[in-house]
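Below is one structure; the comments refer to it alone.
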Amino acid sequence: MKTIVALSSAPLNCAIHTIKISGDECYKIVQKVTKEKIIKEPYKIQHVAIIDDKKQMIDDVLLLKFVAPNSYNAEDIIEINCHGGLFVANKIIELLIKNGATYAKPGEFTYRAVINGKMNMLQANAINNIVKSKNFSSLKIAHNGLNKKSTTKIKKMRDEIFKIIGNIEVNIDYPEYEDYKDLTNNILLKKIKPIKDTLISLIKFSELSAKIMDGFNIAIIGAPNAGKSSLLNKILDEDKAIVSNIPGTTRDIVEGQINYKNITFKFIDTAGIREKAKYFEKIGINKAIEQINKADLILFIVDKTKKTTKKEKEIFEIVKQKPHIIIINKSDLKNKKTSFNGFNFSCKFDNINLILNKIINKIHVQSLEKTDFAFMQTSNEIGILKKNLEIINNLAIDAKKKKPVDLLVESLHEIYNNFNLLLGENCDLDFLEKLFANFCVGK
Ligand SMILES: Nc1nc2c(ncn2[C@@H]2O[C@H](COP(=O)(O)OP(=O)(O)OP(=O)(O)O)[C@@H](O)[C@H]2O)c(=O)[nH]1
Ligand SMILES: [Mg+2]
């Protein structure tokens, strides 16, 4: 495999840059750009001068050395700490490439860690999420991914599927082999039930943790003049959206992000929804309805002093299909005319934390923060879990219909391969050989 190099720090002018070079030739290549003798020794720091082919001094640097297999990805690695000018860092990288290194693709150092068996895909994704963490909760979740809990859960399900396949294939190929009883539809159903349950809970917690990683989208929806923009401004603690007593002030989407109790929330203020709207306002209303579909949670804002309109009721029919909180705004005013009931609030006088805490309770994140659940961290992984749940559900339907189990093996293989995909393990090569070894049939 080629020796790769990349800038590991951000491409800016800063105090210090870190350049990473990894692969068999790494010590040889670094030797070519300095006069000092590069000693191959693990976890040691060496101070050298980087010099180009015209003997021009580029920079005075520190090398942090790792020796295979005791490094991040089991290859020889040198981290070069140079001065933080981007020009300097780029010059050193150019020089290393001239002397045999290749510029790394995104994630290539970690990719090598996976194929060299230093970590599996789940752990690699967790590392990626540590880098991308926006708040303490998402960092905690990402660290959780590094422990073996998720890996153990996936491996356990995969091995169970493996045993089921083995049993069925032995029944087909070696009917005389009595150690393996026929795996009937009923036994199959019993065996896949715990896998299905594990998948359901994994998907649930994975979706919640993915939200904590990415942030929750909260749409503020309601009739014109209800106080949506006032609420957004109060949440953000700035005058972001225009507030006025003229209905139809907000025409477009206004967004703002906050971190509250270590969770990232993106709030989206929208145009007030009403029947009689023209041109731009109409476009704004369509955008608001779009946001209802996209949001993780909806704050449905109602003006306490206004009679409920047909349109408000109509919109609430859509809103109520999603997680939502009804906020009866302007509760500082006396006359209640709205027919909605909900959380009484005044944008003018109440503390915004009342609303933020209500949101936190609604999304049940506390449970996830406190416990070290197993869960997947990326939408790709969650997609694979969902795919496996779908196949298992169909399998259960077929088994109940008494479809012969040998016709169900293909679906079981698909589930098995998907679990391997999650772990980044290739299953095709020695699959059959492993299967027979496991069952000791050749004896
Ligand atoms: N008394 C009182 N007035 C409020 C409260 N919240 C908002 N208002 C007033 O209600 C009017 C409308 O507020 P906005 O925040 O612009 O309402 P909106 O829902 O964004 O309206 P559109 O953008 O037109 O859809 C403004 O005059 C606000 O000052 C409240 O809690 N109490
Ligand atoms: Mg507004």
**Request:** Would you be able to say whether some residue in segment 137-151 is in contact (Cβ under 8 Å) with a residue 40 or more places away in the chain, under 22 Å from the mean Cα position of the chain (by Cα) and open to solvent by 70 Å² or more (accessible area, probe 1.4 Å)?
**Result:** yes
**Prompt:** I221: without any contact (Cβ under 8 Å) to a residue 24 or more places away in the chain and in contact with a Lys or Arg (Cβ under 8 Å, 6 or more places away or on another chain), yes or no?
**Reply:** no
**Candidates K193, K118 - the one that is under 22 Å from the mean Cα position of the chain (by Cα), closer than 26 Å to L385 by Cβ and either among the polar types (S, T, N, Q) or modelled with pLDDT of 80 or more (or both)** = K118
**Asked** Restricting segment 258-286 to residues that are open to solvent by 50 Å² or more (accessible area, probe 1.4 Å) and in a loop (DSSP other than H, G, I, E, B), which is farthest from ligand 2 (Cβ to nearest atom)?
**Response** N262
**Considering residues of segment 207-265 that are within 30 Å of L385 (Cβ to Cβ) and among the β-branched types (V, I, T) only, the residue farthest from ligand 1 (Cβ to nearest atom)** = I212
**Fill in**
Taking segment 103-118 and keeping residues under 20 Å from E79 (Cα atoms) and not in a helix (DSSP H, G or I) leaves Y103, A104, K105, P106, G107, N116, K118
**Prompt:** Of everything in segment 287-329 that's basic (K, R) and outside any helix (DSSP H, G or I), which residue is least open to solvent (accessible area, probe 1.4 Å)?
**Reply:** K304
**Message:** So, N70, is that one closer than 29 Å to K118 by Cβ and polar (S, T, N, Q) or not?
**Reply:** yes
**Residue check for K307: at pLDDT 95 or above, more than 22 Å from I352 (Cβ to Cβ), more than 11 Å from ligand 1 (Cβ to nearest atom) and assigned by TED's automatic domain parsing to the domain that holds I352** = yes
**Message:** Could you go through segment 249-257 and let me know if any residue there is among the basic types (K, R) and away from ligand 2 (no atom under 16 Å from the Cβ).
**Reply:** no
**Item:** Residues of segment 1-21 satisfying the condition of being among the charged types (D, E, K, R) and closer than 14 Å to F66 by Cβ
**Value:** K20
**Asked** part of a loop (DSSP other than H, G, I, E, B) and at positive phi - does that describe any residue in segment 86-102?
**Response** yes
**Message:** Just to be sure I understand, how many residues within segment 245-257 are of a type in the set (A, V, I, L, M), over 14 Å from A295 (Cβ atoms) and surrounded by fewer than 17 Cβ atoms within 10 Å (Cβ to Cβ)?
**Reply:** 1
**Item:** Identity of the residue in segment 205-230, within 9 Å of ligand 2 (Cβ to nearest atom) and not small (G, A, S), that ends up surrounded by the fewest Cβ atoms within 10 Å (Cβ to Cβ)
**Value:** P224
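The values are calculated or read from the model by the stated rules, or taken from the named source; none is laboratory data. Remember, predicted model here, so these are calculated numbers, not experimental data. So basically every Cβ, Gly included, is an ideal-geometry build from the backbone, and we count neighbours across all protein chains shown. Quick note on the areas: whole protein, heavy atoms, side chains included, nothing else; ligands and nucleic acids left out. Shrake-Rupley method; radii C 1.70, N 1.55, O 1.52, S 1.80 Å.
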